[in-house]
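Asks: A single structure is presented below for examination.
The values are calculated or read from the model by the stated rules, or taken from the named source; none is laboratory data. Everything numeric here is computed off the predicted structure, so don't read it as measured data. Here the Cβ is made from the backbone with ideal geometry for all residues, glycine too, and neighbour counts use every protein chain on show. Ligands, DNA and RNA are stripped out before the accessible areas are found, and what is left, the full protein with its side chains, is counted by its heavy atoms. Shrake-Rupley method; radii C 1.70, N 1.55, O 1.52, S 1.80 Å.
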Amino acid sequence: MNIGNGSISLKVENLEKSMEFYQLLGFKQSGGNIEYQYIVMQNDTMTIGLYEGMLEENMLTFNPKWNRDCEETNGDDVREIHNILKDYGYDVGELGTEETCGPNHFMIKDPDGNVILIDQHL
């Protein structure tokens, strides 16, 4: 299974302060918009999404069919990933939409209760 690019999505209290902190650690803004209360930052090896007022908890995020540079890849479709995990008996909840192609998402918890968002943009 190919679940695409991975990142960590962090719930932050003050987006500007968090952005300054991660810039100090060598991260640079690669996406998002402070006006929409989220910023995506990258260094050479890591991608971090900072979200103010949008998340209930920190989570891992994977973007099927997308690489680190936000370019389309030949990875598995989010619906295929959803069905495979469901067939293995995992509680994957519902897909975000009933569309049969294009953007969609779902959430799952790993065996230790960590939240993972599978979020396909293409």
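Asks: Output the number of the condition that Gln37 fails; it satisfies all remaining conditions of (1) more than 14 Å from Asp119 (Cβ to Cβ); (2) touching a residue at least 24 places away in the same chain (Cβ under 8 Å); (3) in contact with a Gly (Cβ under 7 Å, 6 or more places away or on another chain).
Replies: Single failed check for Gln37: (2).
Asks: Still on this model: Mind checking which residues of the range 55-103 are open to solvent by 50 Å² or more (accessible area, probe 1.4 Å), part of a loop (DSSP other than H, G, I, E, B), within 19 Å of Asn114 (Cβ to Cβ) and in contact (Cβ under 8 Å) with a residue 24 or more places away in the chain?
Replies: Answer for the range 55-103, where residues must be open to solvent by 50 Å² or more (accessible area, probe 1.4 Å), part of a loop (DSSP other than H, G, I, E, B), within 19 Å of Asn114 (Cβ to Cβ) and in contact (Cβ under 8 Å) with a residue 24 or more places away in the chain: Glu56, Glu57, Asn58.
Here is a yes/no grid of residues against (1) of a type in the set (Phe, Trp, Tyr); (2) within 12 Å of the chain's Cα centre (by Cα); (3) more than 16 Å from Leu55 (Cα to Cα); (4) open to solvent by 40 Å² or more (accessible area, probe 1.4 Å):
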{"position": "Asn5", "(1), (2), (3), (4)": "no, yes, yes, no"}
{"position": "Leu24", "(1), (2), (3), (4)": "no, no, yes, yes"}
{"position": "Ile34", "(1), (2), (3), (4)": "no, no, no, yes"}
{"position": "Asn43", "(1), (2), (3), (4)": "no, no, yes, yes"}
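Asks: If you scan the range 10-22, which residues turn out to be in contact (Cβ under 8 Å) with a residue 24 or more places away in the chain and surrounded by 13 or more Cβ atoms within 10 Å (Cβ to Cβ)? Explain how you work it out, then say what you get.
Replies: Quick first cut of the range 10-22, residues in contact (Cβ under 8 Å) with a residue 24 or more places away in the chain only: 10-15, 18-19, 22.
Of everything in the range 10-22, those that are in contact (Cβ under 8 Å) with a residue 24 or more places away in the chain and surrounded by 13 or more Cβ atoms within 10 Å (Cβ to Cβ) turn out to be Leu10, Lys11, Val12, Leu15, Ser18, Met19, Tyr22.
Asks: For Gly53, are the conditions met, namely being at pLDDT 95 or above and either farther than 17 Å from Gly4 by Cβ or touching a helix residue (DSSP H, G or I) at 6+ places or on another chain (Cβ under 6 Å) (or both)?
Replies: On the way: at pLDDT 95 or above: yes; either farther than 17 Å from Gly4 by Cβ or touching a helix residue (DSSP H, G or I) at 6+ places or on another chain (Cβ under 6 Å) (or both): yes.
In short, yes.
Asks: Could you list all residues from the range 1-47 that are part of a loop (DSSP other than H, G, I, E, B), farther than 23 Å from Trp66 by Cβ and acidic (Asp, Glu)?
Replies: Residue satisfying the conditions is Glu13 alone.
Asks: Now for a different question. Which of the residues spanning the range 45-55 are within 14 Å of Leu15 (Cβ to Cβ) and either more than 13 Å from the chain's Cα centre (by Cα) or aliphatic (A, V, I, L, M) (or both)?
Replies: Matches in the range 45-55: Ile48, Leu50, Glu52, Gly53, Met54, Leu55.
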